[in-house]
Structure formats: C-alpha cells, structure tokens
Amino acid sequence: SIRIPSGLCGIVGLKATYKRVARDCSVGCSVSHAGPMANNVHDAALAYAIMAGEAENDHRRHSQMQPPVHLHAYVTNQSKDLKGLRIGIFDEHIKDSDENVQRATKRAIEHYQQLGAEIVPITLPHLQEIHMAHAITISTEMYSLMEEHYQSSHFNQFCPESRVSLAIGRSWSSSEFLAALKVRSYAMYHIELLFQNKVDIILSPATPCTAPLMRDDVASHGESNLSETMALMKYMIHGNLTGIPGLVFPIAYDDETSLPISLQLQAAHWREDLLFRVARHSQDILRGGIAKPALYVDLNDILVNSQ
C-alpha cells in the first residue's frame, strides 16, 4: 500500500497508473501497484521520474503499450494559478468521512477555487458494487498467488489474519470473479468518459479518518479488523480497480491528536504530471508547513556523522 500509509503518516505518496512502475516479478496482482513515498512533492516527482517506465522482466508490459514517461505539466507549467483546471467533487462521498476530515477537505477545495480552478460536481455511481468487485478481485488474485503455499506444509506459517484473507479468496466462484470483472469494465468505461468530457482531476480525502489507535496486543497477536480496513480503503478502491494514478499529501493536522489529515488527487491514466502540478500549488493549504513527528530520526544526520 502507498496512499493509505502516506496519508496517515502525513507524507507524499503516489500510486502510479497500473504498470507505469515496473515490477520484477513473474506473477502479479492486477490491483497491485508500486510508487514513491517522499517527504515533499518535488522529491516524489523526481522519484517517480526515475522509477517509472517499462522493464524487460515485467511480464505485464506485453498486455498494453504505455506512453513515454514525462512530467510535462509539472515542469513546463510554472503559472501561479490553476485557471482552466476542472476539479471533480463527489460531495456525498466526501461527507462520508469524519468532520475534521471534511473541514480540511473543504478548505482545500476553497484554496483551489481561489487559484482559479473550476469545481465540477460529479458522481461515481455504483460504488458499493465496485467495492465488492475490488474485494473479490484482490482476494481471489491473492489466493491464486499463494495457493501453492496455502495447500502445503507452509500453511502453519501464515498468521491467522492471512489465513482468513486467503480462505475468503479461495471461496469465490468463477462466476463471481467474472461478475467482478464486468463491474470493473463498467467502472473503467465510466471513469474514462469522466476524464474525457468533464474533469481533469478528482478530489477526495485520502482516508475518512486519521490513523486509528493500535491496541497493546497488536504487536504480539496481530489484528484482523475488516471493518476498519475497509473504512481506510474507502477512497482508494475505485482508483485501485480502474488503475488510474492517485497522489496523496497532508493538508492539515487534527486539533486534538495532531495526527495528519491528507488529501487525494486522481487523474486520467498516465497523467501523473498533472497530479504533481496541482500538488505543487497545494503547499499553502497546510498552515505552518509539515510538522515534525513526535518520534523523529534524522537519517541524513546519522549517515553524515557515521562517515
């Protein structure tokens, strides 16, 4: 996962377009992505430019040609406003988050409006069905990847929550998996039309809440909290299933806990450059800049002093 931990920890994280960042693997999950996590937008953009592109050892490159890697909108457009940019807002979906997250998201929307962006109301229909299709897809592919180990003596090496997840993936029928693929095709068709005809960016919270409390026994016993996991994935699933790129970055800190609240921007396939352009204009949203966490280790300082 890239966007959820980045959003909860208050750093910048990019889930690139599906296949944009090559993976050294003989098998791969169609909702599995790699991408940079960084302290700031510029570092994330640089890391993306280095990481992105095809590789001979990535079997996925044979299924679809991808355009050359670029950061055109980020590098060439140095304007101080966002005039002409259309930002899609699914208001009812945003309201399905905690009040502190809603307030921070509203401030971000107002910030973009002040910079000249056009706010466009949109709808992402059939989200419940899309979330179910994602659950079927990811669990089935996960089981397919681990089936050999699941049905061998290695079974006892899986932690309890992994056994539960794999058992769920094993339970889906071929008809249910096919139905999930049909829903996925619909979601991809709809999102392509949305970007072609109505918006350039889709804005949402990164997560509906700040980082949840870890109980004392999690380290020793693990945790399988499906409702909490699904809640944290609320704004990630649609982009995961359709393969569009998504960028998250901090926009506020909770008044009571000081935990980060982050925003997510999503764009059409291969338009990571546009995400970085908008994110560059977002740094003023975070009042006072990025806060240093309570537990902080300066790795640069350690490396310099160890030489």
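The values are calculated or read from the model by the stated rules, or taken from the named source; none is laboratory data. The structure displayed is predicted, hence computed values, not measured ones. Counting neighbours? That spans all protein chains shown, and the Cβs are built from the backbone with ideal geometry, glycine included. What goes into the accessible areas is simple: the full protein's heavy atoms, side chains included, and nothing from ligands, DNA or RNA. Shrake-Rupley method; radii C 1.70, N 1.55, O 1.52, S 1.80 Å.
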Residues in the range 287-307 that are part of a helix (DSSP H, G or I) and not small (Gly, Ala, Ser) total 7
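Restricting the range 227-244 to residues that are without any contact (Cβ under 8 Å) to a residue 60 or more places away in the chain and surrounded by 13 or more Cβ atoms within 10 Å (Cβ to Cβ), which is nearest to the chain's Cα centre (by Cα)?
Restricting to residues being without any contact (Cβ under 8 Å) to a residue 60 or more places away in the chain and surrounded by 13 or more Cβ atoms within 10 Å (Cβ to Cβ), the top hit is 242.
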Across the range 261-281, the tally of residues that are closer than 16 Å to residue 97 by Cα and modelled with pLDDT under 95 stands at 0
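Results for (1) at pLDDT 95 or above; (2) out of contact with any Cys (no Cβ under 9 Å at 6 or more places or on another chain); (3) not in a loop (DSSP other than H, G, I, E, B), shown as yes or no for each residue.
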position: 56; (1), (2), (3): no, yes, no
position: 60; (1), (2), (3): no, no, yes
position: 68; (1), (2), (3): no, yes, no
position: 79; (1), (2), (3): no, yes, no
position: 87; (1), (2), (3): yes, yes, yes
position: 92; (1), (2), (3): yes, yes, yes
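Residues to consider are 224, 204; find the one that is hydroxyl-bearing (Ser, Thr, Tyr), in contact (Cβ under 8 Å) with a residue 24 or more places away in the chain and open to solvent by 40 Å² or more (accessible area, probe 1.4 Å). Show your work before the answer.
On the way: 204 fails: open to solvent by 40 Å² or more (accessible area, probe 1.4 Å).
Exactly one of 224, 204 is hydroxyl-bearing (Ser, Thr, Tyr), in contact (Cβ under 8 Å) with a residue 24 or more places away in the chain and open to solvent by 40 Å² or more (accessible area, probe 1.4 Å), namely 224.
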_Any hit, the range 173-181, residues being acidic (Asp, Glu), at pLDDT 95 or above and in contact with a Lys or Arg (Cβ under 9 Å, 6 or more places away or on another chain)_ = no
Checked the range 258-274 for anything closer than 17 Å to residue 11 by Cβ and either open to solvent by 20 Å² or more (accessible area, probe 1.4 Å) or in a loop (DSSP other than H, G, I, E, B) (or both); matches are 258, 259
Check: In this structure, is residue 277 basic (Lys, Arg), farther than 16 Å from residue 18 by Cα and either open to solvent by less than 20 Å² (accessible area, probe 1.4 Å) or under 19 Å from the mean Cα position of the chain (by Cα) (or both)?
Finding: yes
- Does residue 43 count as farther than 14 Å from residue 246 by Cβ, open to solvent by 60 Å² or more (accessible area, probe 1.4 Å), modelled with pLDDT of 95 or more and assigned to a loop (DSSP other than H, G, I, E, B)? no
Test residue 123 against the stated conditions and say whether it is farther than 23 Å from residue 204 by Cα and either in a loop (DSSP other than H, G, I, E, B) or of a type in the set (Val, Ile, Thr) (or both). no
Taking the stated definitions as given, is residue 110 among the acidic types (Asp, Glu), part of a helix (DSSP H, G or I), under 30 Å from residue 284 (Cβ atoms) and open to solvent by 70 Å² or more (accessible area, probe 1.4 Å)? yes
Residue 129 passes all but one of the listed conditions (1) open to solvent by less than 50 Å² (accessible area, probe 1.4 Å); (2) within 30 Å of residue 88 (Cβ to Cβ); (3) part of a helix (DSSP H, G or I); the exception is number (1)
The condition from (1) small (Gly, Ala, Ser); (2) within 30 Å of residue 159 (Cα to Cα); (3) touching a strand residue (DSSP E or B) at 6+ places or on another chain (Cβ under 7 Å) that residue 211 misses is numbered (3)
